[in-house]
Structures are given as C-alpha cells and as structure tokens.
There are 2 protein chains.
Amino acid sequence: MKKKKPTSFCEIPSEENPAAAGVNKDAFYRHKGNFSWTGVTDQPYKTAGTEWSDVIRRVLIGAHGETTRFHVRYFEIAPGGRSSLEQHRHEHVVICVRGEGLMLSGKRRRKLKFMDTAYIAPGSVHRLSNPLEEPFGFLCIVNSRRDRPKIAGTPKS
Amino acid sequence: MKKKKPTSFCEIPSEENPAAAGVNKDAFYRHKGNFSWTGVTDQPYKTAGTEWSDVIRRVLIGAHGETTRFHVRYFEIAPGGRSSLEQHRHEHVVICVRGEGLMLSGKRRRKLKFMDTAYIAPGSVHRLSNPLEEPFGFLCIVNSRRDRPKIAGTPKS
C-alpha cells in the first residue's frame, strides 16, 4: 500500500494558480471584519497528520487568475496551533496583522506582533505557532511559481 | 533644453532591486510602532510637480537583495495628499493597514479601510488619495520586474 505523504502547511492546491483562467481584471476584496473578506473563501487544511494543526488559509491574491508573479495569502493559527516544520527553495514574506505568535526560522525564534515583517530565505527551516489565547493571523506572500514544501525531519519513505 | 519627465508615484529607484548584491538570508523588520520598522528607511518622493503630494514610501521587501519575484512596500499618504494618476502594464496589490483612504481604479472609486484588499489589473488608471484627517497607509505589492509607470493625462513631450 502506498504511504500517503504528510500534508504540508503551505502546499499549493491546483486551484490557487489557474493559469488557464485568463481572468485579469480589477478586483476588490472588502474586509468584512474578523479577517474575512468578500469573495475569499476559507481553505482549511486536511486535518491529517500531526505536522500542523488549527490553521486556516484565505487566498487574497492568486486564486482568481491574476497574472502576478506572487500570491498573497492570509493564514490564521488558532490558540495552541502551529504550522508544519518545513523547508523549501522558495522564499516567504510574513507580515503579522492579527494577534501575536512565534516564528522559528533557521535557528532563530522570534515573537511576531502587529506589522512585524519577516523574510524567510530559501532553504530556511521554519515554523509558525500560536502559544497564546487569541488568534494569530499573518499575511504570507510567496512567488507564484514555487517548489513544493518538504516537511522537515520527516523520515524518507 | 531637455524637459524633465514628471516623477511618478511608484517609480523604481535603482537601489530597490540590487540584483548584484547577492544577499539572500533571513531578515526581520520589527515594527517600531507608527508604521516604521527597524532597518527600513523612508524613501520620500521628490516634491517636483503637482502629480502627487505628501506621500512617503518604506520598502519592506526588495531593498535588501532578496530574490523574491515581488517587492513589498508600505506607502503612507498624509491628510490631503494623493498619489499620481498613473497607468502601467504591471499589476498592483493594495492592502489598507492604516486609517482610511480613497482609491480610483479604472472607473471605480472606492473607500479603503483596514484590510480591504484591491487588485489593480495591468493598464488600469489608478490613484490613491487621503481626504481625511488621519494618515492613510497601505501595503503595495508589485512584481520585482516591472515597467515604469506613466503619468496618465500628461501631454507627450
């Protein structure tokens, strides 16, 4: 039986980059409050595995056929939740917009508060987590063309 | 005598994309409050012309040799200020993070509040302005390789 690979925190679903869509017009996503936007749906991760937990994703830019060379996503980690510990060639930019959280990047562990901005270089092992009582939300901007993340520390199957 | 071209709101200074720098490591820009960050300096526009006024720019990602295919900038428009009315092939993503303002994009005029997110498609004539009493700040994300903006409505010289 083929072993299922662990689901990554920032894996790219096929619908995120519909190159064939060809839609490229002005768009507006009004913030409805509570870090939800009109026209932007939740993309919850499958809850398989123990690599990550309690994470939601909302794709602001990249799910509607835009030709940008980047995608903008909002991630929110519930109290006690965390992203997978992962590594990949593509870069991340993380900007905290809600609550506070922790970010491990390389060997550094930092607290992230409102508007703190991090650049996670190619190859840096990283994880975001929320040890606090309030939701921790951040914008995460990535290149539209990028490699698939690898779960760091997972044994090869 | 050669006529000086009007200075654009989102013109690319050479230091914003130092391809030769080759620096590509983890970085952290702590928010000091008041939408200023450690390690990020103001890049005020020259005050020539009447196309724009009272705009400051802080380049969060793109000024330190990152290889991202996008740049992230914070712009702030003072009360009564505005960006130039401009048009270009490259796309903009605008996310309001401070105060409120107005955005003209194509034929639509909209109010922007906290976390409202706009995608300005290639070729859309656009302008941002601040008719209110508080600063209007927003993140503006663009492709790292992009064409130079043109001031819309300026006669050819």
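In region A:97-114, the residues that are more than 9 Å from chain B (Cβ to nearest Cβ) and over 10 Å from A:Leu128 (Cβ atoms) form Cβ pairs under 6 Å with partners that are surrounded by fewer than 20 Cβ atoms within 10 Å (Cβ to Cβ) and among the basic types (Lys, Arg), at six or more places apart or across chains, as follows: A:Glu100/A:Lys113.
Scanning region B:115-130 for residues that are at the interface with another protein chain (Cβ under 7 Å from one of its Cβ atoms), under 18 Å from B:Val142 (Cβ atoms) and among the aliphatic types (A, V, I, L, M) turns up B:Ala118, B:Ile120, B:Ala121. Within region A:140-157, residues that are at positive phi have Cβ atoms under 9 Å from residues that are at pLDDT 75 or above in these pairs: A:Gly153/A:Leu85; A:Gly153/A:Val125, counting only partners at least 6 apart in sequence or on another chain. Against the condition surrounded by fewer than 20 Cβ atoms within 10 Å (Cβ to Cβ), within 9 Å of another protein chain (Cβ to nearest Cβ) and among the β-branched types (Val, Ile, Thr), how does B:Thr67 come out, does it pass? Answer is yes for this residue. With a requirement of 1 or more residues that are among the aromatic types (Phe, Trp, Tyr) and touching a Cys at 6+ places or on another chain (Cβ under 8 Å), the strands (runs of 3 or more DSSP E) lying completely within region A:62-157 that satisfy it span A:70-82, A:136-143.
Within region B:78-89, residues that are among the hydroxyl-bearing types (Ser, Thr, Tyr) sit with their Cβ atoms under 7 Å from residues that are not in a strand (DSSP E or B), at 6+ positions apart or across chains, in these pairs: B:Ser83/B:Phe9; B:Ser83/B:Trp52; B:Ser84/B:Ser8; B:Ser84/B:Phe9; B:Ser84/B:Glu51; B:Ser84/B:Trp52. Residues that are buried (at least 19 other Cβ atoms within 10 Å of the Cβ) and among the charged types (D, E, K, R) do not occur anywhere in region B:128-143. Taken over region B:22-41, the criterion of being over 14 Å from A:Ala118 (Cβ atoms) and among the β-branched types (Val, Ile, Thr) is satisfied by B:Val23, B:Thr41.
The values are calculated or read from the model by the stated rules, or taken from the named source; none is laboratory data. From a predicted model like this one, the values you see are computed outputs, not experimental measurements. We place every Cβ from the backbone using ideal geometry, glycine too, and count neighbours over all the protein chains shown.
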